[in-house]
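No lab work stands behind these numbers, since they all come straight from the coordinates. All values derive from a computational prediction rather than experimental measurement. Note that we place each Cβ from the backbone using ideal geometry, even for glycine, and neighbour counts take in every protein chain shown.
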Amino acid sequence: MNVNKKMLKKMNLQLFGQTFNPDNVTMYEHKDGTIPEKYNKLILKDVMDGSKVMQLAKYEEMDSKEKKFEYFAKGPGAYWVGEGEKIQTSKPQWLQVTMVAKKLGVIIPCSREFLHYKMSDFFEQMKPKIAEAFYKKFDEAAILNMENPFPQSVDESALAAGNLVSGGISYDNILEMEDILNNEDYDVNAFISTKKNRSTLRNVNKIENGVIVESLYDRGANTIDGLPVADLKGLERGNLYAGDFDYMYYGIPFGMSYKIDESAQLSTLKNADGTPVNLFEQELAALRVTMDVAFMIVKDEAFVKLEAGTSQLGTLTVASIAGTAEGDTKITITEPKGDGNSYKYKVGDAAAEVSYKQSVRNWTAWDGASDITAETGKTITVVECDAEYLALKAGSQTVTSKASE
């Protein structure tokens with residue numbers, strides 16, 4: 001051992017730890033792991049630049065899947081003070097919330113030739129595809145409530161608060177959107193629209209005696225009533241959202257991870273003939289990238305939705321008679337239920353208030369046939385809702401249940 005040490009010393013050899021360099025490694029040599037820091041940052045920048053949520057919401061720094069933080073709910077007050085009087089004191093109100101990150105993944109097929117690229121060149125090529133897939137999916141969930149893993153979305157929050165304006169895009173309806181939030185002391189600081197609305201928005205004017213006296217939309221600046229507009233591709237024509245986006249938060253706790261596969265069958269990706277893409281048979285590779293992202297709205301009342309068309313809650317004719325078992329009632333609905341819709345109900349001392357497209361997700365489900373346990377004299381409110389549990393029709397009736405024999 002001592003001889004070896006002396007020989008190394010004599011030869012003046014030095015041992016170096018190898019530093020990982022993505023410019024010196026091909027994807028064949030490194031098929032899984034964490035995306036190199038440089039490209040992780042570049043992809044995240046593209047995601048943040050492309051995401052409407054990340055453009056509008058507040059960023060909350062995270063270093064784990066969950067983050068507890070406080071938001072400013074109410075400020076301290078000021079008081080008039082007479083000469084020699086004590087100045088009253090008040091505390092600002094801070095509320096604590098917990099934001100939880102969810103995993104978002106994308107699979108991108110590519111030619112096997114890409115595996116001969118150096119890591120740096122590979123991720124430079126894939127960067128825009130990864131970023132676009134991530135921000136589109138995130139925005140669809142957080143704004144439109146599409147395949148949404150989070151507790152809220154802008155759409156759900158507006159409807160839960162009853163902040164829905166119907167009738168499509170018009171001068172009066174846009175002002176009504178702003179008034180709904182302003183009347184509750186929220187500051188509208190942005191709109192979410194779509195480029196499909198621009199032709200309609202150009203005609204949103206106040207007209208007096210046949211003359212345009214005010215236009216709400218500035219085409220050059222892309223603003224509505226002086227406020228910035230974020231255009232979301234997936235939004236339906238005729239719909240708008242507005243909000244005080246200071247009450248919306250997001251966070252990104254970790255870097256992105258990736259894995260490359262050459263043998264999987266991709267069940268969600270089809271060939272032209274309808275068969276699943278088979279990487280091995282078709283000499284393809286697939287890049288799977290995952291990232292964790294968190295989202296939270298702390299005040300539903302800070303958001304409002306404008307919906308195309310007429311929005312009015314339909315009526316259900318509800319009847320209640322004694323059920324089969326003691327304490328049960330049999331409920332019947334006169335009107336036929338729409339395809340894909342379901343029933344939810346709530347029992348209370350009085351009829352529950354229901355507004356069009358209000359979320360009834362947390363109400364009790366009913367199959368439309370089974371008896372319901374409810375006390376005679378109480379009031380049952382039944383709602384017909386769509387697949388997203390948004391109220392379409394509602395009706396109430398005083399409960400008659402089977403008495404004890």
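Tell me the chymotrypsin sites (Phe, Trp or Tyr not before Pro) within the range 200-297 that lie in a loop according to DSSP and have at most 12 other beta-carbon atoms within 10 Å.
Taking the range 200-297 and a limit of 12 other Cβ atoms within 10 Å, the loop chymotrypsin sites (Phe, Trp or Tyr not before Pro) found are 280.
Whose amide H sits under 5 Å from the amide H of residue 264, counting only residues 5 or more places off or on another chain, with H placed in the peptide plane?
Amide H neighbours of residue 264, under 5 Å, 5+ apart: 279, 280.
Amide H to amide H under 5 Å from residue 323: which residues, 5+ apart in sequence or cross-chain, H placed 1.01 Å off N in plane?
328, 329, 330, 402
For residue 143, which sequence-distant residues (separation of 5 or more, or a different chain) have an amide H within less than 5 Å of its own amide H, given hydrogens modelled in the peptide plane?
Placed amide hydrogens put 154 under 5 Å from residue 143.
Can you pull out the trypsin sites (Lys or Arg not before Pro) in the range 180-219 that DSSP calls coil and that have at most 16 other Cβ atoms within 10 Å?
When the trypsin sites (Lys or Arg not before Pro) of the range 180-219 are filtered for loop state and at most 16 Cβ neighbours within 10 Å, 202, 219 remain.
Let me check against my output: what whole-number percent is the relative contact order of the range 285-405, with C-alpha pairs under 8 Å and at least 6 apart?
With pairs under 8 Å counted, the relative contact order is 32 percent.
Are there trypsin sites (Lys or Arg not before Pro) in the range 323-363 that DSSP puts in a loop and that have at most 13 other Cβ atoms within 10 Å, and which ones?
Those satisfying the criteria are 361.
Between residue 334 and residue 373, what is the spin-label point distance in nm, taking each point 7 Å from the Cα along the Cα→C-beta axis?
Result for the modelled spin labels: 3.1 nm.
How large is ³J(HN,Hα) for each residue in the range 162-179, as worked out from phi by the Karplus curve 6.51 cos²θ - 1.76 cosθ + 1.60 (θ = phi - 60°), to whole Hz, x for Gly and Pro?
x, 8, 10, 10, 10, x, x, 6, 8, 4, 5, 5, 5, 5, 5, 4, 5, 5
For the pairs 41/305; 137/196; 41/299; 41/270, flag any whose C-alpha to C-alpha distance is greater than 29 Å.
Beyond 29 Å: 41/305; 41/299; 41/270.
May I ask you to evaluate 6.51 cos²θ - 1.76 cosθ + 1.60, the Karplus curve with θ = phi - 60°, for each residue of the range 51-56 and list the ³J(HN,Hα) values in order in whole Hz, giving x for glycine and proline?
So the J values, rounded to whole Hz, are 6, 5, 4, 6, 6, 9.
What is the distance in Å between the Cα centres of the range 321-392 and the range 109-133?
With the range 321-392 and the range 109-133 each reduced to a Cα centre, they are spaced 52 Å.
Using r as the Cβ-Cβ distance of residue 129 and residue 179, and R0 as 56 Å, what FRET efficiency do you calculate, to the nearest 0.05?
Efficiency computed from Cβ-Cβ geometry: 0.85.
Using +1 at the Cβ of each Lys and Arg and -1 at the Cβ of each Asp and Glu in the range 221-354, identify which of 248, 267, 341 lies farthest towards the dipole's positive end.
Positive-end residue among those listed: 341.
Set the Förster distance to 60 Å, then compute FRET efficiency between residue 324 and residue 121 from the Cβ-Cβ distance, nearest 0.05.
0.25
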